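The structure appears right after this line, and notes come after that.
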Amino acid sequence: MSDLSFVLYSLKYRFLNSFLSIMLTAFGVSIALLISQFGNHIQNRINLDGQGIDVVVGAKGSPLQLILSSVYHIDIPTGNISYDQVKKIMKKPQIKESIPLALGDNWKGFRIVGTTTNYIKHYEIELNKGRYWDKNFEVVVGSSVNLDINDEFIGVHGLIEDGSSHEDHKYNVVGILKPSGTVLDRLILTSLNSVLDIHGLHEINNFFKKNHEYDHDLEHHTEDHNHEHHKETYEIDHDHEHHKEENSHEHHNGQQSNQDLDHQKHTKDKKKINETNESNSPEITALLIKTKSPIANINLPRSINRESSLQAANPALEINRLTSMFGFGSKSFGILSLILILIASLNIFSGLASNLENRMGDLAVLRAVGYSKKRIFKIILLEGTVVVMIGLLVGILLSFLLFSILKQNLSPLNTINASFILNIDFIIIIALVFFAGLIAAIFPAYRGSKISIANQLSRTI
């Protein structure tokens, strides 16, 4: 009988112990692989969604909330900010690129984002079908959004599905983006003015023009009115030139008083209109900024926080704070994987050691019939290797199966088209489990090779 045949027979003879050793190894391998895959996908998503975004400007509140809502779109915004203030920030010399965002609505959980086409170009995503928006209420949707070209839909107020609908405004799908693995895959993108229009705010492109035209018309109207009033006064004075001087003087005073009242009235009307325009002035939710240098990443948020009523936050710093707070990150995943590998190795060691105790008599017989210590060592080590190999195979298949199930039911994996990646981490885990299993089998093999034939046969007799 060959050594391999002997090992397979031994595993079959002790099926329960062998099965438990294999399954415990498989579970350890599968969990280690799943942790590695989840960690890679989460880290990749964080990196892809935040790529090129150095600073985020928004309303005062939690900096982390500002980052999560504006960059990753997984939280509620801190509020809106005036576009007047945003325009001043956009002129700062440290800024290389700026992208405005206007949030507030959703469709079936997919957020509707008012922005510019630079938002799409920033992530270097191409259109799969259709075109970009040309006018209000035309949208471009991400690859994960279940909409097609020419579909129409009504947005829901707020960022949850059960909000009130904007029945008066329908969006029309004109473009679909290619899958990118970024946050844009699950967003509905439209113009800034579309979002502002729905919420009763002035459009950004026409706001300042409208105010200028109103002021000009108001001034023109006031000038015409004063001219007519002056003409009327002159005619009255001409018709009553024979009146007494004191009566003329009183009349003149009366006319001046009327002019003052009219002037005050127009001033109040202008102020009232300006206050109304200011209350409805355009607002956005956040401004995404790409700076010109790493130094600007630090200095720009400080200057904005110091010089304005707005809030500026650095995405990298806030995410690092979050991950360090909960011990979350690639290092943590690596440590967990190593622990699981160690557990799998201990399972192999435990199974082989237990089998060895029950097989001492069999090994003594093999020694008696001529099996050398070296061959006994080889047989036990081969048995450990077979257990490790079968456990690895079952563990890999199990991790594939579990990942496919979790992918369909676990967000955000189901929205980023996650797939099982055969990367360097996968290879490292498999190699570590294999060598750890061999090391775990060495001690039982060494002990088995040193068995005393006389002692074991005497115990048997």
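A search for C-beta distances below 6 Å between a residue of segment 113-136 that is without any contact (Cβ under 8 Å) to a residue 24 or more places away in the chain and any residue that is assigned to a loop (DSSP other than H, G, I, E, B), counting only pairs 6+ apart in sequence or on different chains, returns THR117/TYR132.
Taken over segment 140-157, residues that are at pLDDT below 95 and touching a Gly at 6+ places or on another chain (Cβ under 8 Å) amount to 2. Considered as a group, the residues in segment 28-41 that are closer than 14 Å to ILE421 by Cβ and surrounded by 19 or more Cβ atoms within 10 Å (Cβ to Cβ) include one that is modelled with the lowest pLDDT, and that residue is GLY39. Filter segment 70-87 for residues that are more than 15 Å from the chain's Cα centre (by Cα) and touching a residue at least 12 places away in the same chain (Cβ under 8 Å) and give the result. Within segment 70-87, THR78, GLY79, ASN80, ILE81, SER82, TYR83, ASP84, GLN85, VAL86 meet the criteria. Within this structure, SER18 fails the test of being over 29 Å from ILE427 (Cβ atoms) and either part of a helix (DSSP H, G or I) or free of Cβ contacts under 8 Å to residues at least 40 places away in the same chain (or both).
Scanning segment 94-121 for residues that are out of contact with any helix residue (DSSP H, G or I) (no Cβ under 9 Å at 6 or more places or on another chain) and not charged (D, E, K, R) returns ASN106, TRP107, THR117, ASN118. For LYS129, the conditions (1) more than 30 Å from LYS292 (Cα to Cα); (2) assigned to a loop (DSSP other than H, G, I, E, B) are fulfilled apart from (2). Pairing residues of segment 170-188 that are on the phi > 0 side of the Ramachandran plot with residues that are buried (at least 23 other Cβ atoms within 10 Å of the Cβ), at Cβ distances under 8 Å and at least 6 apart in sequence or on separate chains, gives GLY181/ILE416. Check whether at least one residue in segment 38-48 is in contact with a helix residue (DSSP H, G or I) (Cβ under 8 Å, 6 or more places away or on another chain) and within 15 Å of ASN314 (Cβ to Cβ), and report yes or no. Yes: segment 38-48 contains one or more residues that are in contact with a helix residue (DSSP H, G or I) (Cβ under 8 Å, 6 or more places away or on another chain) and within 15 Å of ASN314 (Cβ to Cβ). Hey, any hits in segment 100-110 for a residue that's farther than 18 Å from VAL71 by Cα and in a strand (DSSP E or B)? So far as segment 100-110 goes, yes, one or more of its residues are farther than 18 Å from VAL71 by Cα and in a strand (DSSP E or B). Considering segment 111-127, the residues that are among the charged types (D, E, K, R) and farther than 21 Å from ASN146 by Cα include one that is surrounded by the most Cβ atoms within 10 Å (Cβ to Cβ), namely LYS121.
The values are calculated or read from the model by the stated rules, or taken from the named source; none is laboratory data. These numbers come from a predicted model, not from an experiment. Reconstructed Cβ throughout: ideal geometry from the backbone, glycine too, with neighbour counts over all protein chains shown.
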